[in-house]
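Here's the structure, in structure tokens; my notes come after.
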Amino acid sequence: MLETAAALLLAHVLADYAFQTDWIVENKRRFSVLALHGAIVFAASWLALGLAPAALPLVAVLTLLHMATDAAKTRLEPGRLWSYLADQALHVAAIFLLSALFAAGWSDGLWARLLPAGTPAVLASSVGMRRSGWPMPGTRRAAPPAAPVPRS
């Protein structure tokens, strides 16, 4: 169960931060854009679980919950801190709940046979640590301060 949850947390961070552009965030009220984001969530989740056919129901349910949560967020004061935190809390809760229900999601996949035990946890934690330097979706990173001019 923990390997499944860790792999899905990794996929979530990638889908919601690394692969979600500002354009997707700004246009997610349109179903076609929400569906595009859902396809990214689906692909990242299934790939993280090692493309296991047995994991397809887990990935499908997780994707539908993710899309429903995001659809609600786009209509309930998007851009507010509380809506962002609630959105992320619901995504993480769904990941852990579904990981408990489909505990073999990781062990049925390709990566469980090829990678050492504990790999999903290491990857998820390293992405989480790296996340601290990424901007929140929908926000633009400020330009770095100009370097001081050397005085002669």
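Every read-out reported here was derived from the displayed coordinates using simple, explicitly stated rules and does not represent laboratory data. Note that the coordinates shown come from a computational prediction; the quantities given were computed from them, not determined experimentally. Here Cβ is always computed from backbone atoms with ideal geometry, including for glycine, and neighbour counts include all displayed protein chains.
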(request) Work out the length of the dipole vector of the stretch 2-131 about its Cα centre, built from +1 on the beta-carbon of each Lys and Arg and -1 on the beta-carbon of each Asp and Glu, and round it to the nearest 20 debye. (result) 160 debye
(request) Note down the relative contact order for the stretch 30-90 as a percent, whole number, built from C-alpha pairs under 8 angstrom at least six residues apart. (result) 31 percent
(message) At a threshold of 8 angstrom on Cα-Cα distance, excluding pairs fewer than six apart, so keeping six or more, what relative contact order does the stretch 2-131 reach in percent?
(response) 41 percent
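Suppose R0 equals 41 Å. What FRET efficiency, 1/(1 + (r/R0)^6) with r the Cβ-Cβ distance, do VAL122 and PHE31 give to the nearest 0.05? Write out the running numbers ahead of the final one.
On the way: r = 37 Å, r/R0 = 0.89.
Given R0 = 41 Å and the Cβ-Cβ separation, E is 0.65.
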(message) Using a 7 Å offset from the Cα along the Cα-to-Cβ direction at both ASP22 and ARG75, what is the distance between the two label points in nm, to one decimal?
(response) 2.8 nm
